[in-house]
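Report on the structure given below.
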Amino acid sequence: MSATYTYDGTFEGFLTALALAVEKKLPGSEIARENAVEAGLFSEFIRAGSDPIKASAARALIERRGSAGSWHYVRYAFLSEAPGVETAILEYVRLLLDKGRTADNMLADDRVKKVHALSAKVGGEAHRFMGFVRFKELADKTLYSKIEPDHNILPLLAPHFRVRLGTFNWVIHDARRNNAALYFKEKLVYAPLSAAELTEDAKEAEVRELWKHFFKTAAIKERMNPELQRQNVPLKYRKNLTEFDRGAE
Amino acid sequence: MDLDKKLEILADSAKYDASCASSGSDRGGRGTGAAHLSGVCHSWTADGRCISLLKILMTNECVYDCAYCVNRRSNDSAKAILTPDEIAGLTFEFYKRNYIEGLFLSSGIIVSPDRTMELMLEAVRKLRQVFRFNGYVHMKVIPGADQALIDQAGLWADRVSVNIELPTDKSLRLLAPGKTKATVLGPMNRLAQRISASKDERRSIKSSPAYAPAGQSTQLIIGATPETDREIIKLSEALYGKMRLKRVYYSAFVPVMKDNRLPALIDPPLLREHRLYQADWLLRFYGFTAEELLDEKHPALDLSFDPKTVWAANNLHLFPLEVNKASYEEILRVPGIGVTSAQRIFRARRAGGLSLDDLKKLGVVMKRAVYFVTAGGKYGGLKKETGEAIKLKLLEHKNPNGQLDLFGEAALVKAGMKETVTGQI
């Protein structure tokens, strides 16, 4: 009989479930978020909980048996939040245990391809948002940014901005997940955040208009190519991009 | 004049410079900002080009009268100048909101090349020392400026550049009186020496200051003068080889000025520009030489096909290649296989033999590659293959009617431009 391991939605919880599933070696087992699945007729339900020791054992196992990139693929693929990603990772890890580090070279194998592809998607969106995050300065000089990415890239973005904007206080608010990275007095923390009440700095509107004006001017009339622009800046991202805001100019 | 108006004038006059990269530097440290080795694009304008840097001129006034240039002396458009404080302040305000990766500063010549260079250096020095800014800076070097001033540029900037603009001395004399090949290549050569000396020094003493760590680039204008693609690509090859340039940009000529020395172009030659970028890529990442791509009998790039397909169709005796045995260098030369899929093939081969189906899964564009490869001895291409037959087949893919559909090609080109124009390598 196969089993479905459920976890609390956190990465630590997922790794705990992964460790349990790997130990038991039941074929056809799945991992899913609690509340996201119903018990099947022929499937046992096991609640994994969140156990830091089991979680770090899972990481150690992947690092020991996989290639130098395996842990990275697992971590990034998990952040995709794609339906079924947990079970896809489980199958990928089983392959690692079976084939060792050469598994990551089996690029035409669907189990490898799936996890690699999800990981690349997350990495791609995170890189895009290194460019797409837009801060505004608030009255207390904190920089505030609202983002709504497809994947849970906040843990990848925050370290990037800690390096570049370490001399400021800032907030990156993932409004889709009601989560925020808060950087205050050189400390970075993550906390739930639903709505934020904001008072802009008096100078903010002026700088924003300068930028919008610059953006408009930089296009060359004779080369207009909105199709190419749409490929590079998909419409879904535009509502949080200052330069695509149709407000005052 | 208020800042907004100045910014409009000076961004408008800077936008014809094609350089957009913010890559090649990993500057960081105390203060604000850092550079990202692979570069970051922050937005894309309505023409599909990326914005990575605040690209502006310090001033659009100029003592020169180059026919192709929007900033020529005899153009009586509105003139503006930004002070070093304004340039540094604006860059910093934009940077902290994550609008940009940094500054691209160029300029018309005001008073003299030396005076212009001094003011530009002052702006960038302020940004680095007063604002303690560690983001990316690309600085244009003004031909004719004193060597000591040129030397300073690389101390503050990540990337430096001198634009050649016109590929031959003859064209320069015709369109840019006041400039010669020597006034352009002189500073370029000097920068190349400083960059390579600094690299050597940093190999032995890590703490010695980096000199233009993201190297040097230049730009050529395409279509304003009669040079052939062969002349242009040969020049680029020499610039990458002898001058160790990081990038050569190609800018389709946009006739912003009317002048009887200039051709009356209706549209900028975007497709030709795109083919040049593809050929340039083949020089830098695929191990091709200029002579292989364009010889004396064929000095122009084929507008219907990418240059790698043309080369492969003319060299069928080298194909088909067995993907399970061929070397990496050979695989790179197969149409439909890029650097990424070549690396994937090489990696996947270690885990076991590859079939034609597997190649598709690895991201190979099989509709092009199919004529040039076998996998495990299996071939999926034409029975009687000649270069012409393959080209005809490929054209069919582009247009089911069998005719060359220029608009279809143009759309294809525009999609492909993403890789070449933004070019974050």
Subject >> Shielding score for B:95-104, defined as the mean number of other chain Cβ atoms within 10 Å >> reply: 6
Original post:
When we measure straight from the Cα of B:K79, which aspartates and glutamates land under 18 angstrom away, once same-chain ones fewer than 8 places off are left out?
Top reply: B:D2, B:D4, B:E8, B:D12, B:E61, B:D65
**OP:** Just the isolated ones, please: cysteines in chain B lacking another cysteine beta carbon under 4.7 angstrom.
**Re:** B:C20, B:C62
Subject >> 3J(HN,Hα) from dihedral phi, region B:26-32, Karplus parametrisation 6.51/-1.76/1.60, rounded to Hz, x for glycine, proline >> reply: 10, 3, x, x, 5, x, 10
Original post:
Between region B:37-92 and region B:169-232, how many Å separate their Cα centres?
Top reply: 20 Å
Subject >> In nm, spacing of pseudo-spin labels at B:S304 and B:E322 (7 Å Cα→C-beta vector) >> reply: 3.4 nm
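Which FRET efficiency value, to the nearest 0.05, do you get for B:S204 and B:L37 by plugging their Cβ-Cβ distance into 1/(1 + (r/R0)^6) with R0 = 30 Å?
On the way: r = 22 Å, r/R0 = 0.75.
Efficiency, from the Cβ-Cβ distance: 0.85.
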Subject >> Value of relative contact order over chain B, rounded to a whole percent, pairs C-alpha under 8 Å and six or more apart >> reply: 13 percent
Subject >> Gain upon complete extension [A:E200, A:A60; 0.36 nm per residue less C-alpha separation] >> reply: 45.8 nm
**OP:** Provide the net charge surrounding A:L118, with neighbours chosen by a C-beta distance below 15 Å and charges set as Lys +1, Arg +1, Asp -1, Glu -1.
**Re:** -3
Original post:
If each of B:A238 and B:E86 carries a label point 7 Å out from its Cα toward its Cβ, how far apart are those two points in nm?
Top reply: 4.0 nm
**OP:** Between A:L26 and A:T167, with labels modelled 7 Å along Cα→Cβ, what's the label distance in nm to one decimal, could you check?
**Re:** 5.8 nm
Subject >> Segments A:50-58, A:142-150 sorted - mean Cβ within 10 Å per residue, highest first >> reply: A:142-150, A:50-58
**OP:** Towards the positive end of the charge dipole of chain B, with charges on Cβ (+1 Lys, Arg; -1 Asp, Glu), say which of B:L362, B:L3, B:P209 has the farthest Cα.
**Re:** B:L362
Original post:
Which of the listed residues, B:F372, B:F288, B:G144, is farthest toward the dipole's positive end in chain B, when Lys, Arg count +1 and Asp, Glu count -1 at the beta-carbon?
Top reply: B:F372
Original post:
What does the charge add up to near A:S67, with Lys and Arg as +1, Asp and Glu as -1, over the other residues with Cβ less than 13 Å from its Cβ?
Top reply: +4
Original post:
Given H placed 1.01 Å from N in the peptide plane, which residues other than close sequence neighbours of B:L321 have an amide H under 5 Å from its amide H?
Top reply: B:V373, B:T374
Original post:
Using modelled backbone amide H atoms (1.01 Å from N, in-plane), which distant-in-sequence or interchain residues come within less than 5 Å of A:D174's amide H?
Top reply: A:I147, A:N179, A:A180, A:A181
Original post:
Magnitude of the Cβ-charge dipole of region A:130-244, K/R +1 and D/E -1, about the Cα centre, nearest 20 debye?
Top reply: 280 debye
Subject >> Cut-off 12 Å between beta-carbons: net charge of the residues surrounding A:E81, Lys and Arg +1, Asp and Glu -1 >> reply: 0
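If each residue of separation counts as 0.36 nm, what is the full-extension length gain between B:R173 and B:A389 once their alpha-carbon separation is subtracted?
Details: separation 216, 0.36 × 216 = 77.76 nm, distance 4.51 nm.
Difference between extended and current length: 73.2 nm.
Size of the dipole of chain A about the Cα centre, Lys and Arg at +1 and Asp and Glu at -1 on the beta carbon, nothing else charged, in debye to 20? Working shown, then result.
Numbers: 38 positive and 34 negative charges, 131 e Å.
Here the size comes out at about 620 debye.
By DSSP, what percent of the beta bridges with both residues in chain B are antiparallel, rounded to the nearest 5?
Details: 5 of 29 bridges.
Rounded to the nearest five, the antiparallel share is 15 percent.
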**OP:** Give me the lysines in straight-line cross-link reach of B:K181: C-alpha distance below 25 Å, same-chain residues under 8 apart excluded.
**Re:** B:K15, B:K140, B:K170, B:K234, B:K242, B:K246, B:K258
Original post:
What's the angle, to the nearest 10 degrees (0 to 90), between helix A:52-65's Cα axis and the longest principal axis of chain A?
Top reply: 80 degrees
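I'd like the antiparallel share, as a percent to the nearest 5, of DSSP beta bridges with both residues in the protein assembly as shown. Working shown, then result.
Details: 19 of 57 bridges.
So the antiparallel bridges in the protein assembly as shown amount to around 35 percent.
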**OP:** List the lysines whose Cα lies under 25 Å from the Cα of A:K25, skipping any in the same chain that are fewer than 8 positions away.
**Re:** A:K54, A:K99, A:K113, A:K114
**OP:** Would you please give the residues with an amide H less than 5 Å from that of B:Y250, counting only those at least 5 places away or on a separate chain, with H modeled from the backbone geometry?
**Re:** B:L220
Original post:
Average partner chain C-beta neighbours within 10 Å, per residue of A:160-168?
Top reply: 5
Original post:
Can you sort B:T45, A:T87 so the residue with the fewest Cβ neighbours within 10 Å comes first?
Top reply: A:T87, B:T45
**OP:** Evaluate peptide B:118-128: per residue, the Cβ atoms of other protein chains within 10 Å of its Cβ; return the mean as an integer.
**Re:** 0
Subject >> Highest-fluctuation residue, B:K206, B:K126, B:K179 considered, GNM on chain B with Cα pairs under 10 Å >> reply: B:K206
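We did not get these values from a lab; they are worked out from the coordinates using the rules stated. Since the structure is predicted, the reported quantities are computational estimates derived from the model, not experimental observations. With ideal geometry, Cβ positions are generated from the backbone for all residues, glycine too; neighbour counts draw on all protein chains shown.
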